[in-house]
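Asker: Below you'll find the structure I mean.
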Amino acid sequence: LEKYTLNLRPRLKAAGHDEDFLNKTKSIALVLEEFETSGLNGETDDSRYSDGPDKDSLTQRWNNFWHGEAKEIKGGKDLGRRGMGKITYHLASSSSTIMALSNQDGGKQNLLFGKCIFRKTYSFKTEYFNRHSFWCDTKKIGDDIQPIPISDPLIINDFIKDFQLKRKDESGTSWVIPHIDENKFTKSKIIKAIV
């Protein structure tokens, strides 16, 4: 886990995150895997799709999850509303960080991406940074730098191996939530919550 998050710690400190968490030596992650779901479908190279040129927002789950905030995209029989569920991933992490590897149903494969939501804008090494940051590749579209999924097969294979992911080619998403409080997220508590 430290391989992926060690450089995040000084930035978290600069943004006012919990000193107790930052001083802990043991870091654990919660890994959740969805098999044969739609995955985070839709456009992955242009975050402006979260604001919509596409009338069918259900085809834009990628941008609505990573870039959209409080946007109603679901109908009456769909579970969840206004992006409230996705914030729980960040709240479960002491570093407000999540990483995911997603395969779209009938679409793109091995979409690796991560996001951290800092407590506030912050100064780090004489520069100022916004609250949202991404672990990603980038692509320039016009004057904008777009965060896009990591596509390097070596990084993706290491990520699968490092977190012992079981999902292979199936559509769905494998979530890695780092810096879990092991007292709050025990196996028995998770099973009890699901039941």
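The values are calculated or read from the model by the stated rules, or taken from the named source; none is laboratory data. These numbers were taken from a predicted model, which means no experiment stands behind them. Please note: Cβ atoms are built from the backbone with ideal geometry, for glycine as well, and neighbour counts cover all protein chains shown. Calculation scope for accessible area: heavy atoms of the full protein, side chains included, ligands and nucleic acids excluded. Shrake-Rupley method; radii C 1.70, N 1.55, O 1.52, S 1.80 Å.
Asker: Among the residues of region 153-195, which ones are outside any loop (DSSP other than H, G, I, E, B) and charged (D, E, K, R)?
Answerer: Selection gives ASP158, LYS161, ASP162, LYS187, LYS189, LYS192.
Asker: OK, next. Might you check whether a residue that is touching a Phe, Trp or Tyr at 6+ places or on another chain (Cβ under 7 Å) and either open to solvent by less than 70 Å² (accessible area, probe 1.4 Å) or part of a strand (DSSP E or B) (or both) occurs anywhere in region 100-109?
Answerer: The answer is yes, given that some residue of region 100-109 is touching a Phe, Trp or Tyr at 6+ places or on another chain (Cβ under 7 Å) and either open to solvent by less than 70 Å² (accessible area, probe 1.4 Å) or part of a strand (DSSP E or B) (or both).
Asker: Which residue is surrounded by the fewest Cβ atoms within 10 Å (Cβ to Cβ), if the candidates are limited to region 153-181 and must be in contact (Cβ under 8 Å) with a residue 60 or more places away in the chain and β-branched (Val, Ile, Thr)?
Answerer: Checking each candidate, the answer is ILE180.
Asker: Another question about this same structure. How many residues does region 111-130 contain that are assigned to a loop (DSSP other than H, G, I, E, B) and crowded, with 18+ Cβ neighbours inside 10 Å?
Answerer: Matching residues across region 111-130 total 1.
Asker: Name every residue in region 137-152 that is part of a loop (DSSP other than H, G, I, E, B) and either crowded, with 16+ Cβ neighbours inside 10 Å or free of Cβ contacts under 8 Å to residues at least 40 places away in the same chain (or both), in order of residue number.
Answerer: If the condition is that a residue be part of a loop (DSSP other than H, G, I, E, B) and either crowded, with 16+ Cβ neighbours inside 10 Å or free of Cβ contacts under 8 Å to residues at least 40 places away in the same chain (or both), then GLY142, ASP143, PRO149, ASP152 are the ones that fit.
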